[in-house]
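Visitor: Take a look at this one; I'll ask things after.
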Amino acid sequence: MDDVSLPKVRLPEPAPEPSPGGAGAGEALLRTEGLSLWYGSARALHNITLGIPPHRVTAFIGPSGCGKSTLLRCFNRLNDLIDHVRIEGRVAIAGHDLYGPGVDAIELRKRVGMVFQKSNPFPKSIYENIAYALRLHGLRERRRLDEVVEQSLRGAALWDEVKDRLHRSALGLSGGQQQRLCIARAIAIQPDILLMDEPASALDPIATARIEDLILELKQRFTIVIVTHNMQQAARISDYTAFFYLGELIEFDTTRRVFTNPSQQQTEDYVTGRFG
Amino acid sequence: MTLHGRWEVGGGSRRGAAWSVLFTGATGLATALILAMLAVILVNVAWHGWPALSWRFVTAGTEADMFEVGKAGVFPMIFGTTARVILMTLFVIPVGVTTAIYLHEYAHTTSVLTRVIRTAVANLAGVPSIVFGLFGLGFFIHFLGDRLDLVLHPDNPKPIWGKPALLWASLTLAVMTLPVVIVATEEALRGLSPGLREASLALGATKLQTIWQIVLPNALPGILTGGILAVSRAAGEVAPLLFTGAAYYMAELPRSLTDQFMDLGYHVFVLSTQSPNLEQTRPILYGTVLVLLLLTFALNATAILVRARMRRRQRAAG
Amino acid sequence: MAEPSHPGGRRPGWQALDRGQRARPWEWVAEQAIRVVSVTAIVLVFLIFVFVMREALPVLLGRVNSAAAQERRALPVEQMDRLDPEELRQYLELSRKEFAEMDRDTLRLLMEVKLEAAEEVPEDKDAPLNTAAWRYLLGPHQWTGYDRPAYIWQPVSSIHKYNIVPLIVGSLKTSVVALLFAVPLALAAALYVSQLAPPRLKEWVKPGIELLAGIPSVVLGFFGLVVLATFLQQVCGYASRLNAFVAGIALGLACIPVIFSIAEDALTSVPRSFSEAALALGSSRWQAAWQVVLPAAVPGVFAAIVLGFGRAVGETMVVLMASGNASLLTWSVFDSTRTMTATIAAELAETVFGGHHYRILFLLGALLFAVTFLSNLLGELVIQRLKRRLEGGR
Ligand SMILES: Nc1ncnc2c1ncn2[C@@H]1O[C@H](COP(=O)(O)OP(=O)(O)OP(=O)(O)O)[C@@H](O)[C@H]1O
Ligand SMILES: [Mg+2]
């Protein structure tokens with residue numbers, strides 16, 4: 001992934017980081033500058049500036065409704081689908097503005113995968129769920145399909161559980177298995193960035209642990225942004241943590257700093273559970 | 001004072017109980033009365049119609065005499081009704097489903113075009129069926145048909161397209177049932193979880209790919225319901241056919257789209273108003289009504305079942 | 001990097017994002033096609049309006065002349081060659097098909113017959129009247145042979161009498177009977193089903209009423225004509241077996257499902273919190289239904305009635321079969337009655353295409369279209385406002 005080094009050349013030096021000592025400015029793969037977003041007349045994001053470093057896990061935390069999902073959906077332009085959304089500011093991957101005039105949102109989404117809060121497998125077979133994604137990318141040869149389906153299911157630690165029923169409906173899987181299938185589907189197409197919106201919120205501790213292991217493993221290959229409400233989870237798996245409150249980025253720093261020595265009182269209150 | 005008040009409340013609630021029984025009883029009775037009337041119609045038709053039903057009756061034509069008990073059959077009418085309904089489906093399903101897709105998947109909810117389309121659909125649903133008949137006559141037969149004749153058969157003085165025909169009747173019915181299909185399909189689309197679409201789009205699928213491969217296959221039951229509802233609505237309609245294609249009597253089955261046809265519903269009308277002797281022809285009449293009812297109810301029941309299953313599945317999924 | 005090769009081949013750099021939107025012609029074509037097709041509904045409503053009005057407009061503008069005297073101005077047979085075929089066909093009142101099948105001699109013969117017939121017809125003081133003019137369509141007239149001015153619909157007599165007032169009154173009579181019968185029953189049932197009935201029962205009642213909605217109107221008409229007419233005559237003992245009353249009851253059966261489903265919908269969409277608040281204050285279920293839920297849903301109930309009226313006025317087969325079809329102008333519901341819809345249904349097939357009778361029937365159609373259009377518009381508006389209010393109050 002040689003293109004990761006591009007931002008150094010292309011990106012103008014960004015405005016000062018929201019939190020000094022945060023993720024190194026020059027290394028960011030994904031960067032927002034003064035990003036604001038409105039749903040109709042309701043402002044959901046206020047002037048967000050942050051940079052997400054490559055091959056790291058970045059966690060977004062904050063109380064419900066603070067705009068974490070909204071921000072995540074700016075990264076693959078899924079907000080485009082909602083009527084009356086207005087965006088100001090810049091979101092760029094490796095210096096390339098995602099909302100620039102000529103950018104193809106569909107190409108973008110092929111390279112920025114997403115796993116949703118609520119698992120959403122297609123009502124098709126397990127195999128077809130993944131094959132659908134692969135066919136979208138032009139892979140049609142049966143043998144290759146079989147191969148990549150297996151690879152992805154293994155990657156999502158699901159292969160052993162489902163290898164005997166690949167052609168049964170995905171809706172017959174348990175909630176945790178469904179979520180791992182969605183992850184398998186997302187990684188099958190080899191995105192560069194993987195956005196995960198509370199991927200473990202509806203799962204039991206065992207399934208959650210599996211998914212956390214998985215994330216740590218996936219980090220080798222992908223840049224991961226994960227939204228979570230679980231402080232321990234954020235602490236366990238992420239390298240960087242961003243804390244949001246009411247649509248504003250309050251603090252962004254290494255996870256260790258955010259959890260042990262945050263610079264903002266609000267952050268401290270939130271991570272220690274003293275928050276309203 | 002408190003005591004007094006409490007007594008009052010007690011007395012009020014006793015009176016209230018009487019009212020409650022009266023009110024619940026009266027509204028329940030009204031409900032029962034409606035269902036009873038439905039039952040009377042169904043039992044009456046089944047009772048008198050059943051003896052007339054026979055294999056002969058549904059397979060025989062009217063070659064001998066359409067009013068002669070024991071000889072007259074309803075096959076040509078079953079054929080005609082089926083043909084016009086199938087033809088109608090071919091026209092109305094593609095247009096209706098496409099419109100619903102536009103309204104639900106493409107259009108902004110508040111755009112002017114969407115609002116106008118919705119208003120048009122609502123109004124189309126309220127146009128009296130006889131007016132559709134007038135429209136079919138004025139537009140399809142005398143406007144389109146006459147022009148087709150001029151272009152295709154300029155030297156043939158006999159009208160071929162510019163007269164009542166199977167094609168025009170089916171098109172008229174398609175116009176009439178368009179709102180049914182649109183509304184049912186939209187309901188089906190609305191019932192699909194938005195997560196499904198997002199999942200597909202987030203994988204880099206285009207809108208068209210998402211609609212074609214994810215949305216439509218999953219909305220199929222709902223689309224089917226719409227089709228069945230439209231068919232069952234159209235199967236029993238007579239008024240729009242009066243001037244657009246139904247024939248009082250035809251010696252043969254229709255062979256082409258430009259032929260007229262005999263129709264079950266229209267035949268019920270003919271038998272009950274033009275019969276030389278209503279008492280004598282009663283068995284044919286009841287038999288025909290029963291066949292028509294069975295046909296429409298079978299279709300309706302299918303639609304209701306499909307929809308109930310769909311709703312249950314959606315509830316389970318949601 | 002030891003990662004599996006990219007399924008789509010070599011991984012492009014991020015510059016690919018800047019290269020502009022990939023042309024996806026099919027995507028564009030499909031979207032445009034879908035948009036174009038979805039305009040069909042608008043086009044159809046427009047076409048219905050245009051094609052019904054096109055035939056009716058000449059009457060509206062007073063451009064149609066239906067004076068019997070004009071028809072009697074028969075042409076000498078020798079003039080046959082001076083007319084072009086279309087004029088000749090119209091003069092002889094032949095359909096295109098008939099005209100096509102006739103040879104010259106037959107046509108000549110017909111001209112002679114017409115001339116003779118014209119000479120035989122006695123003079124009538126009404127013959128020069130253009131009976132398709134507004135004052136004859138709507139106002140009473142002292143016709144020859146009647147002892148006082150009257151509203152007469154008699155399109156196929158020697159003097160075409162086109163007064164539409166008896167038909168309008170007929171439509172109103174049957175619709176009012178239908179609503180008087182259907183509204184109380186349907187509303188009571190809607191209240192019962194939405195507020196009071198045990199849920200298990202609800203699952204039976206609603207499909208039952210949907211079944212009633214599924215009965216074709218020709219079957220309701222048949223039922224009115226064959227069963228209801230005799231039964232009601234025995235019970236009420238009126239003279240004319242088929243009349244507005246019988247037709248109204250049968251029509252009511254067609255309206256009940258419409259009124260029920262809209263009213264039930266409106267009642268159910270009243271937020272549960274309304275009735276729960278009332279129940280918490282000690283009202284019983286029926287009091288909550290009657291004093292809280294029903295008032296909140298009044299616009300919906302109103303809309304249900306308006307839409308039920310639209311259905312009743314526009315229904316054809318029931319009234320055609322069960323109302324008796326005599327175009328008398330009376331206010332008694334027990335007299336045989338002819339409605340606008342039944343008139344169109346019964347007479348259009350026998351009219352000359354483009355003739356005055358044809359056009360006046362289209363005028364009736366336009367009137368029906370307008371009435372149902374307005375009642376639907378009103379109903380929809382009221383429902384939308386109700387929904388918005390209830391959602392806003394939530
Ligand atoms: N489609 C939408 N239309 C209008 N407002 C929206 C929409 N989606 C989200 N919002 C609003 O935007 C704000 C941020 O929502 P968002 O879903 O991003 O929160 P979140 O941080 O992900 O919350 P949670 O932790 O509960 O998932 C909320 O106030 C929400 O009500
Ligand atoms: Mg969220």
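The values are calculated or read from the model by the stated rules, or taken from the named source; none is laboratory data. Everything quoted here is computed from the prediction, not taken from an experiment. Glycine also receives a Cβ, built like all others from the backbone with ideal geometry; neighbour counts cover every protein chain displayed.
Visitor: Out of (1) within 16 Å of ligand 2 (Cβ to nearest atom); (2) surrounded by fewer than 23 Cβ atoms within 10 Å (Cβ to Cβ), the odd one out for A:ILE226 is which?
Guide: (2)
Visitor: Ok, one more. Would you mind telling me which numbered condition in (1) within 21 Å of B:LEU42 (Cβ to Cβ); (2) more than 7 Å from chain B (Cβ to nearest Cβ); (3) in contact (Cβ under 8 Å) with a residue 24 or more places away in the chain; (4) of a type outside the set (Ser, Thr, Tyr) C:VAL177 fails?
Guide: Here C:VAL177 meets the rest and fails (1).
Visitor: Give the number of residues within segment A:234-248 that are more than 16 Å from the chain's Cα centre (by Cα) and within 12 Å of ligand 1 (Cβ to nearest atom).
Guide: Qualifying residue count, segment A:234-248: 4.
Visitor: Is it true that A:LEU72 is assigned to a helix (DSSP H, G or I) and within 20 Å of the chain's Cα centre (by Cα)?
Guide: Answer is yes for this residue.
Visitor: Looking only at segment A:109-127, which residues are within 18 Å of A:SER69 (Cα to Cα) and more than 16 Å from ligand 2 (Cβ to nearest atom)?
Guide: Matches in segment A:109-127: A:ARG109, A:VAL112, A:GLY113.
Visitor: Residue check: is A:ALA234 within 15 Å of ligand 2 (Cβ to nearest atom) and surrounded by 18 or more Cβ atoms within 10 Å (Cβ to Cβ)?
Guide: Yes; evaluated as a whole, the condition is true for this residue.
Visitor: Moving on to the next point. Filter segment C:350-371 down to the residues that are farther than 15 Å from C:ALA56 by Cβ and either touching a Leu at 6+ places or on another chain (Cβ under 9 Å) or at the interface with chain B (Cβ under 9 Å from one of its Cβ atoms) (or both) and list them by number.
Guide: C:VAL352 - this is the single residue of segment C:350-371 that is farther than 15 Å from C:ALA56 by Cβ and either touching a Leu at 6+ places or on another chain (Cβ under 9 Å) or at the interface with chain B (Cβ under 9 Å from one of its Cβ atoms) (or both).
Visitor: With the structure loaded, tell me whether A:GLY51 is at the interface with chain B (Cβ under 9 Å from one of its Cβ atoms) and assigned to a strand (DSSP E or B) or whether it fails that test.
Guide: Criteria not met by A:GLY51.
Visitor: Is it true that C:PHE309 is at the interface with chain B (Cβ under 10 Å from one of its Cβ atoms), among the hydrophobic types (A, V, I, L, M, F, W, C) and under 15 Å from the mean Cα position of the chain (by Cα)?
Guide: No; evaluated as a whole, the condition is false for this residue.
Visitor: Restricting to segment B:132-147, count the residues that are without any contact (Cβ under 8 Å) to a residue 40 or more places away in the chain and either touching a Cys at 6+ places or on another chain (Cβ under 6 Å) or more than 13 Å from C:LEU47 (Cα to Cα) (or both).
Guide: If we filter segment B:132-147 for residues that are without any contact (Cβ under 8 Å) to a residue 40 or more places away in the chain, which is where we start, we get B:138-139, B:142-147.
Now narrow it down to the ones that are either touching a Cys at 6+ places or on another chain (Cβ under 6 Å) or more than 13 Å from C:LEU47 (Cα to Cα) (or both): B:142, B:145-147.
Qualifying residue count, segment B:132-147: 4.
Visitor: Quick one: what pairs do we get from segment B:260-272, first residue over 16 Å from C:ALA322 (Cα atoms), second assigned to a loop (DSSP other than H, G, I, E, B) and not β-branched (Val, Ile, Thr), C-beta under 6 Å, 6+ apart or different chains?
Guide: What qualifies is B:GLN260/B:PRO164; B:GLN260/B:GLY245; B:GLN260/B:ALA247; B:PHE261/B:PRO254; B:MET262/B:ALA247; B:MET262/B:MET250.
Visitor: Let me ask something else about it. Restricting attention to segment A:202-218, does a residue exist that is within 16 Å of ligand 2 (Cβ to nearest atom), surrounded by fewer than 16 Cβ atoms within 10 Å (Cβ to Cβ) and either of a type in the set (D, E, K, R) or more than 14 Å from chain C (Cβ to nearest Cβ) (or both)?
Guide: Yes, that holds for at least one residue.
Visitor: Sticking with this one: Just name the residue that is nearest to the chain's Cα centre (by Cα) out of those in segment B:113-161 that are of a type in the set (S, T, N, Q) and not in a loop (DSSP other than H, G, I, E, B).
Guide: Checked segment B:113-161; the qualifying residue nearest to the chain's Cα centre (by Cα) is B:SER129.
Visitor: Additional query: Can you say whether B:THR98 is assigned by TED's automatic domain parsing to the domain that holds B:ALA251, among the β-branched types (Val, Ile, Thr), without any contact (Cβ under 8 Å) to a residue 24 or more places away in the chain and in a helix (DSSP H, G or I), as far as the supplied structure shows?
Guide: So B:THR98 passes the test.
Visitor: Would you check if there is a residue in segment A:183-197 being away from ligand 2 (no atom under 16 Å from the Cβ), touching a strand residue (DSSP E or B) at 6+ places or on another chain (Cβ under 8 Å) and away from chain C (no Cβ under 14 Å)?
Guide: yes
Visitor: Answer with yes or no whether A:LYS68 is of a type in the set (D, E, K, R), out of contact with any Asp or Glu (no Cβ under 8 Å at 6 or more places or on another chain), under 19 Å from A:ILE226 (Cβ atoms) and within 12 Å of ligand 1 (Cβ to nearest atom).
Guide: Here the answer is no, as A:LYS68 does not meet what is asked.
Visitor: Quick one: in segment A:158-173, which of the residues that are without any contact (Cβ under 8 Å) to a residue 24 or more places away in the chain and not acidic (Asp, Glu) is nearest to ligand 2 (Cβ to nearest atom)?
Guide: A:GLY172
Visitor: Here's another thing I want to ask about it. Would you call C:ILE159 at pLDDT 90 or above and of a type in the set (Val, Ile, Thr)?
Guide: Considered against the rule, which asks whether it is at pLDDT 90 or above and of a type in the set (Val, Ile, Thr), C:ILE159 comes out as no.
Visitor: Looking at segment A:71-99, which of its residues are within 14 Å of ligand 1 (Cβ to nearest atom), over 20 Å from A:ASP192 (Cα atoms) and at pLDDT 90 or above?
Guide: A:VAL85, A:ARG86, A:ILE87
Visitor: Does A:ILE215 meet the test of being part of a helix (DSSP H, G or I), under 26 Å from A:SER64 (Cβ atoms) and not aromatic (Phe, Trp, Tyr)?
Guide: yes
Visitor: Filter segment B:111-125 down to the residues that are at the interface with another protein chain (Cβ under 7 Å from one of its Cβ atoms) and surrounded by fewer than 21 Cβ atoms within 10 Å (Cβ to Cβ), then identify the one that is farthest from C:VAL218 (Cα to Cα).
Guide: B:VAL116
Visitor: Inside segment A:86-180, counting only helices (runs of 4 or more DSSP H) that do not spill past its ends, which hold 1 or more residues that are of a type in the set (Lys, Arg) and under 22 Å from B:LYS207 (Cβ atoms)?
Guide: The helices (runs of 4 or more DSSP H) meeting that bar are A:105-111, A:126-136.
Visitor: Would you confirm whether any residue within segment B:195-217 is at pLDDT 90 or above, polar (S, T, N, Q) and in contact with a Phe, Trp or Tyr (Cβ under 8 Å, 6 or more places away or on another chain)?
Guide: yes
Visitor: Any chance segment A:85-101 includes a residue that's away from ligand 2 (no atom under 13 Å from the Cβ), within 23 Å of B:GLY195 (Cβ to Cβ), within 11 Å of chain B (Cβ to nearest Cβ) and not small (Gly, Ala, Ser)?
Guide: no
Visitor: So B:ALA251 clears everything in (1) over 21 Å from B:ALA60 (Cα atoms); (2) touching a residue at least 60 places away in the same chain (Cβ under 8 Å) except one condition, right? Which one?
Guide: That leaves (1) as the condition not met.
Visitor: Continuing with the same structure: With the requirement that a residue be within 13 Å of ligand 2 (Cβ to nearest atom) and charged (D, E, K, R), what does segment A:50-84 give you?
Guide: The answer is A:LYS68, A:ARG73.
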